[in-house]
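Accompanying notes for the structure given below.
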Amino acid sequence: MAIQKTISENCYVTKEGVYLFAGEELDTTSLMQFINENRQRSTKYNHYYDLYSGNHDILRKPHDRSFRPDNRIISNWANYVVDTYVGYFIGKPPKIALDDDSTNERLQDWLNVNSFQDKLSEVAKQVAIYGRSYMMAYQNENSETEIAVAAPDSSFMIYDTTIKRNPVAFVRYSSYNNQLSGEAYTDKEITYFGNDGKTMEQINHLFGYVPAAEFYANDERLSLIGKIDTLVEEYDRAISQKANQVAYFDNAYLKILGIPLPTDEDGETVLNLEQDHVLYSPSADAAQGEVDFITKPDGDNMQENLLSRLKDDIFQTAMVANLNDEAFSGNASGVAIRYKLLSMQNQAAFEDRKFAISLRQLLGTALGLGKAIGTVSRVDVMKDLQIVPARNIPLDVENEAQTASTLSGIVSKETQLSTLSIVDDPKKEIERMREEQAEDVRNNLQAMPSMTDQQKQDTESDDVNAE
């Protein structure tokens, strides 16, 4: 990461937009320099959010005061691209599990209580909009470990200058009535600060590491909207101009030449160019009177070609499939759809790896505290954590079943079941299969006419003892 900007002696910004600190301890002056730098960057974040939410620049431009139409039309491709990609990427949540059954059960309970998958979806959406997002761990008033999501327009991570880029501090801030407040989380303490970064209070925490992680899709922190913002805005201008021209020429002008018309007291023809849409000339030079409508110039083909080109460029640049495209109306098989989604699949696979790194760091720190799933080390969580992504696409269950059947006897039963998208937890599915097999055996034994009543009672007793 090359340095693009030096904020101060110890504060830097890389060309990827990553904050670096070279000092021993984050001081008030350095903290405020990073906050001010992030506030400037938030202008870009706010622009991206406006594009996503439909508050585009064209809506804020000065209005045309003439009689010409002044339509302001937005086609919110930014919203469509983000929601389509995020729905594909994480609409079906990834499987997060630990190898140990008892520990994994507690982990699933903790994830459910924290609505972790919903928060992870919000993180994915923020990454698509802004290029980055943050999740942080904290302890609530009951000393329970919880997770929160923080947007980059009011939070940021600071790293050291070593090759590992270890987190130095995670900073959250807000400003109400021009009063700054926030917290800085280091590996040992939480510093609450106010205006000018002045320390208000410091308390120790028990996580042992900076209790937050940065999520991003690529090292450059490029967002989907950042890739297509100029294309989206140009599409707005083009379609608005087309609507203006349609409205303008729909009000066709009547042309009257060489024909005398009634006049008012001042000798002026009672016609209004703007209101009546009439062009009139009583010139005697006209060989003969003429009354007709002015022919409308036709630039529709050129405009449609521009709109079509812009739309194609939006989806190609974002590497997101346009699901309304005619290409999806033909072959609807699972394999065909996967080929059509290949560029989006490649982008998601790259993002999976980045998310997995951040999730291991975050969950390792959060769970390593020992409050959520019992005593477990951060290193063990990071080593044993299984993160299996799941794509939200139409399922080809028949083909998956054939694949799973073919793998019988070649791989373990758990691996075999993991190829089936309808199986959420292979371990639990294996346990259910065992229970069903045991139930079938009991039923068959109970149905055997040769068994005595005492043998049947012994079988039932064995079942109770086994449970």
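Going by average Cβ neighbours within 10 Å, how do the peptides 37-45, 352-360 rank, with the highest at the top? Intermediate values should be presented prior to the final figure.
Numbers: 37-45: 15.7, 352-360: 17.6.
Packing proxy ranking, top to bottom: 352-360, 37-45.
Carbon-plus-sulfur fraction of the accessible area of the stretch 38-155, 1.4 Å probe, in percent? Write down the numbers at each step before the final one.
On the way: 2490 of 5420 Å².
Result for the stretch 38-155: 46 percent of the exposed heavy-atom area is carbon or sulfur.
For a protection proxy built on the mean count of beta-carbon atoms within 10 angstrom, sort 375-382, 224-231 highest first, please. Spell out each step's value before the answer.
On the way: 375-382: 15.8, 224-231: 20.5.
The densest-packed peptide leads the list: 224-231, 375-382.
Report the label-to-label distance for residue 390 and residue 204 in nanometres (one decimal), using points 7 Å from each Cα along the Cα→Cβ vector.
4.2 nm
What's the ranking of 79-89, 300-310 by average number of surrounding C-beta atoms within 10 Å, highest first?
Going from most to least packed, we get 79-89, 300-310.
Suppose each label sits 7 Å from its Cα in the direction of the beta carbon; what would the residue 323-residue 433 distance come out to in nanometres?
3.2 nm
By the scheme Lys and Arg +1, Asp and Glu -1, what is the net charge of all other residues having a beta-carbon under 15 Å from that of residue 139?
Numbers: positive: 188, 371; negative: 141, 144, 146, 183, 189.
So the environment of residue 139 carries a net charge of -3.
Pull out the extension gain between residue 32 and residue 443, defined as 0.36 nm times the separation in residues minus the alpha carbon to alpha carbon distance; nm, one decimal.
Details: separation 411, 0.36 × 411 = 147.96 nm, distance 7.26 nm.
Using 0.36 nm per residue and subtracting the Cα-Cα distance, I get 140.7 nm.
When Rg is the radius of gyration of the Cα atoms in the stretch 1-158 and Rh is its Kirkwood radius, what does Rg/Rh come to?
When Rh is taken as the Kirkwood radius, the ratio is 1.09.
So which of 119/227; 242/340; 188/383; 125/413; 188/427 end up more than 26 Å apart, counting from Cα to Cα? Present the calculation step by step, with values, prior to reporting the outcome.
Numbers: 119/227 24 Å; 242/340 31 Å; 188/383 23 Å; 125/413 35 Å; 188/427 38 Å.
Among 119/227; 242/340; 188/383; 125/413; 188/427, the Cα-Cα distance tops 26 Å for 242/340; 125/413; 188/427.
Using a 1.4 angstrom probe, figure out how much accessible area the stretch 107-170 has per residue, in square angstrom, rounded to the nearest whole.
Values: 2530 Å² over 64 residues.
Counting only protein heavy atoms, the per-residue value for the stretch 107-170 is 40 Å².
Once the mean 1/r over all distinct Cα pairs of the stretch 181-225 is inverted, what Kirkwood radius in angstroms do you read off? Write down the numbers at each step before the final one.
Details: mean 1/r = 0.0797 Å⁻¹.
It is 12.5 Å.
Between residue 302 and residue 7, what FRET efficiency comes out of the Förster formula 1/(1 + (r/R0)^6) with R0 = 51 Å and r the beta carbon distance, rounded to 0.05? Working shown, then result.
On the way: r = 48 Å, r/R0 = 0.94.
The value I calculate is 0.60.
Would you mind counting up the charge near residue 94? Only other residues with Cβ under 14 Å from its Cβ, with Lys and Arg at +1 and Asp and Glu at -1.
Details: positive: 92, 95, 119, 353, 354, 360, 391; negative: 118, 351, 352, 424, 425.
Charge balance near residue 94 sits at +2.
Figure the gain on full extension for residue 160 and residue 247 (residue separation times 0.36 nm, minus the Cα-Cα span) and round it to one decimal in nm. Please list the in-between numbers first.
Working: separation 87, 0.36 × 87 = 31.32 nm, distance 5.86 nm.
Result for the pair: 25.5 nm of gain on full extension.
Rounded to two decimal places and with Rh computed the Kirkwood way over Cα pairs, what is Rg over Rh for the stretch 111-255? Please report the intermediate quantities before stating the final value.
Details: Rg = 22.6 Å, Rh = 18.6 Å.
Radius of gyration over Kirkwood radius for the stretch 111-255 works out to 1.22.
What's the local net charge at residue 72, with K and R +1, D and E -1, over the other residues with C-beta under 15 Å away?
Details: positive: 60, 61, 65, 68, 237, 242; negative: 50, 57, 64, 70, 233, 234, 236.
Result for the local shell: -1.
Take the alpha carbon atoms of the stretch 22-79, find their center, do the same for the stretch 121-169, and report the distance between the two centers in whole angstrom.
21 Å
The values are calculated or read from the model by the stated rules, or taken from the named source; none is laboratory data. The structure presented is a predicted model; accordingly, all values stated were derived computationally and were not measured. Every residue, glycine as well, gets a Cβ built from its backbone with ideal geometry; the counts of neighbours run over all protein chains shown. The protein model used for the area step is the full one, side chains on, heavy atoms only, and it has no ligands, DNA or RNA in it. Shrake-Rupley method; radii C 1.70, N 1.55, O 1.52, S 1.80 Å.
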